[in-house]
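Novice: Just passing along the structure, written as structure tokens.
None of the figures in this text is laboratory data; all of them are computed from the coordinates on show. Owing to the predicted nature of the structure, the values given are computational and were not obtained by experimental measurement. Counting neighbours? That spans all protein chains shown, and the Cβs are built from the backbone with ideal geometry, glycine included.
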Amino acid sequence: MNPSLPRRVFLLSLAATGAAIATSAQAQAMVDEKDPQAVALGYVSEAKRADVKKYAKYAAGQNCTGCALYQGKAADKAGACPLFAGKQVAGAGWCSAYAKKA
């Protein structure tokens, strides 16, 4: 048996696993505004469309990138939010759980 064969198999498996993880992270779905959790929180993908009559705490200039819960970078178009497990929110979005970053 070729002594380098197990090493090659391991390295190929490692590369395939890394590619699968990278693909799944990039393929994370966006939150649908009609999702029950999104509806309950008043989530909108564009903050300027927030229902100010229903959510008086909304103030102009607030969006997901400025929220303490947003896990993406400020320049990202979308990022993860613990309120929507396994999905991404729009950086320009807003919901009633908005909490200004410190």
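Novice: Looking at (1) among the hydrophobic types (A, V, I, L, M, F, W, C); (2) crowded, with 17+ Cβ neighbours inside 10 Å; (3) not in a helix (DSSP H, G or I), which is the only condition Ala92 fails?
Specialist: Checking Ala92 against (1) among the hydrophobic types (A, V, I, L, M, F, W, C); (2) crowded, with 17+ Cβ neighbours inside 10 Å; (3) not in a helix (DSSP H, G or I), the one that fails is (2).
Novice: Sticking with this one: With the requirement that a residue be part of a loop (DSSP other than H, G, I, E, B) and crowded, with 20+ Cβ neighbours inside 10 Å, what does segment 64-89 give you?
Specialist: So in segment 64-89, the residues part of a loop (DSSP other than H, G, I, E, B) come out as 68-77, 81, 85-86.
Once the filter is applied, which keeps residues that are part of a loop (DSSP other than H, G, I, E, B) and crowded, with 20+ Cβ neighbours inside 10 Å, segment 64-89 yields Tyr70, Cys81.
Novice: Please specify each residue of segment 28-43 satisfying the condition of being free of Cβ contacts under 8 Å to residues at least 24 places away in the same chain and in a helix (DSSP H, G or I). I'd like the intermediate steps shown before the answer.
Specialist: Step one: of segment 28-43, the residues free of Cβ contacts under 8 Å to residues at least 24 places away in the same chain are 32-34, 36, 39-40.
If the condition is that a residue be free of Cβ contacts under 8 Å to residues at least 24 places away in the same chain and in a helix (DSSP H, G or I), then Pro36, Val39, Ala40 are the ones that fit.
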